[in-house]
Amino acid sequence: MEPVDILACMSIPAWPISGPRERELLEEVLGSANWGGYHPMVARFEKEFAAFQHCTYGLSAMNGTVTLEMALEALGIGPGDEVIVPAISFISTATCVSRVGATPVFVDIEEHTFNIDPKCIREAIGPKTRAIIPVHFGGPMADMDAIMQIATEHGIPIVEDAAHAHGSEWNGKRAGSFGVFGSFSFQNGKVMTAGEGGILLSNDEALIDRAREILDIGRRKGEGWFFHYTLGSNYRITALQCAVLIAQLERLPEQNCTRMRNVNFIREELADVNGLHFQQVPAAARVHTNYLLLGWVDGDRSSFHRNLTAAGYPCTPFYPHTLYNNRLYSERHNCRVMPCPNAEERITDAFWIPHRALLGDELETQQLASAIRTAADL
Ligand SMILES: Cc1ncc(COP(=O)(O)O)c(C=O)c1O
């Protein structure tokens, strides 16, 4: 029997979205003699996306997991070093640390923003701390004023995991432009996608060049094809992906505005529902992707989830565990874990609705809001 795509049966906009612009740019690459990472379409996308995020340099790659690994490697982080990460994120935020041989230190999130708590970062810093990786979880940016203050005081580099934050801002300055590196994902479910893909941004030319050497099998800018200077690998993106991503970037600002408008409506519409809470967004982070509509319920999360799904809306009952309780880290011999009561609580009561459900028209958005109301009213 053919597997059933449950999301395709639901009453929400399709994702990913493509149109004539993707096809036009793809044709340009297909008509050339080079579909790989050295086609000018790749450099063009890197320049456009970096500028969009208020950064100088971009280095696109196979995905948003290797971009994180390259960032740490380019910073020279390895065995004996520690890197502070939030207890709530996708696993790549932690595995990048382990993959370079360093130790992830898991710290708590803020109770209502879902983002890493700067106070907990301070408590976790020790003599071995070599980097901090804040994640802009679900779209709203982490408290970059407090985090950059810590970075400056302690001389610790920040690597922003901005996999959810294409166009997100903190007081008007975009994600990825605060840290020494910003890492983005273009995996199929992200707000811009080429099926797979990622990019590393930086304002530091020497750092991005070091990352480029790692990505391009140890080659150096301007040197020959068979000259390799560092132990790198091949993490290059293809020109076909960059063609699609240029078109996706052109569409993103309008989609971000649509999601913002719809989420504002949903939040206002449901403000009176007892026991239903949405992610708190600080004023400085007001402009963001709405990659996830995140919230938590006081009552029975499983019936909330069941009712919303039965009404035709995708809803995920959050991660099944904190990052450190994943099998990979649960024995604690390869990580350090700080107390994380907020993360532990959100595991039990949070949910998310993906961004595609937030791209509907007025009527579809009203229907989504009333389905959430009904699901929460138990
Ligand atoms: C916070 C975060 N970081 C990193 C990644 C990894 O990105 P990719 O799937 O492109 O490897 C993801 C992917 O979901 C993510 O959500």
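Derivation of every value follows stated rules applied to the coordinates shown; laboratory data play no part. These numbers come from a predicted model, not from an experiment. Here the Cβ is made from the backbone with ideal geometry for all residues, glycine too, and neighbour counts use every protein chain on show.
Fully extending the segment from Glu344 to Phe227, taken as 0.36 nm per residue of separation minus the present Cα-Cα distance, adds 37.2 nm. Only helices reaching 30 angstrom along their own axis (Cα) with mean Kyte-Doolittle hydropathy no lower than -0.5 count here, and for the DSSP H runs of the chain these are 239-269. Our summary gives the chain a relative contact order of 22 percent, counting only alpha carbon pairs under 8 angstrom and 6 or more residues apart.
Averaging the sequence gap over all C-alpha pairs within less than 8 Å and six or more residues apart, then dividing by the number of residues, gives the range 170-239 a relative contact order of 20 percent.
Comparing Ser233, Ser168, Ser183 in a Gaussian network model of the chain, where Cα atoms under 10 Å apart are tied by springs, the biggest mean-square fluctuation is seen for Ser233.
Note on Lys119: aspartates and glutamates with a C-alpha under 16 Å away, same-chain residues under 8 apart excluded, are Asp108, Glu110, Glu111, Asp143, Asp145, Glu153. Between the C-alpha center of the range 284-362 and that of the range 102-136 there is a gap of 19 Å. Rounded to the nearest whole Hz, the Karplus-based 3J(HN,Hα) values (6.51 cos²θ - 1.76 cosθ + 1.60, θ = phi - 60°) of the range 273-287 follow the sequence 7, 5, x, 10, 10, 10, 3, 7, 10, x, 3, 5, 10, 4, 8, with x at glycine and proline. Between Glu205 and Glu331, the modelled label-to-label distance comes to 4.8 nm, taking each label 7 Å out from Cα in the direction of the beta carbon.
Each of the trypsin sites (Lys or Arg not before Pro) that DSSP puts in a loop and that has at most 11 other Cβ atoms within 10 Å breaks the chain; the longest unbroken stretch is 1-220. For the range 253-346, the list of GluC sites (Glu not before Pro) that fall in a loop by DSSP and count at most 13 other C-beta atoms within 10 angstrom reads Glu331.
The overall shape of the range 279-367 is prolate: from the C-alpha gyration tensor, with semi-axes ordered a ≥ b ≥ c, the ratio a/c is 1.5 or greater and a/b exceeds b/c. Can you classify the range 28-71 as rounded, prolate or oblate using the Cα gyration tensor, where a ≥ b ≥ c are the square roots of its eigenvalues, rounded means a/c under 1.5, and otherwise it's prolate if a/b beats b/c and oblate if not? The shape class here is oblate. In the structure shown, the pairs Lys128/Lys190; Lys47/Lys221; Lys47/Lys190 are assessed against 24 Å; a Cα-Cα span above that value is assigned to Lys128/Lys190.
Fully extending the segment from Ala284 to Arg220, taken as 0.36 nm per residue of separation minus the present Cα-Cα distance, adds 19.1 nm. Quick one: check the C-alpha center-to-center distance for the range 232-260 versus the range 48-76, whole angstrom. First find each Cα centre; the distance between them is then 13 Å. For the range 253-378, the relative contact order works out to 38 percent when only alpha carbon pairs closer than 8 Å and six or more residues apart are counted. What whole number of Å gives the distance from the Cα centroid of the range 150-194 to the Cα centroid of the range 16-32? Spelled out, the Cα-based centre of one part sits 27 Å from the other.
Secondary structure note: in the chain, about 60% of the DSSP beta bridges are antiparallel.
For the chain, what is the calculated [θ] at 222 nm in deg cm²/dmol (nearest 500), taking -39500 (n - 2.57) for each run of four or more DSSP H residues and dividing by its residue count?
Computed ellipticity for the chain at 222 nm equals -11500 deg cm²/dmol.
Loop by DSSP (not H, G, I, E, B), at most 13 other beta-carbon atoms within 10 Å: where is the longest site-free stretch of the chain for chymotrypsin sites (Phe, Trp or Tyr not before Pro)?
With a cap of 13 other Cβ atoms within 10 Å, the longest stretch comes to 39-224.
Positive end of the dipole of the chain, charges at C-beta (+1 Lys, Arg; -1 Asp, Glu), about the Cα centre: which of Trp15, Gly222, His112 has its Cα farthest in that direction? Farthest towards the positive end: Gly222.
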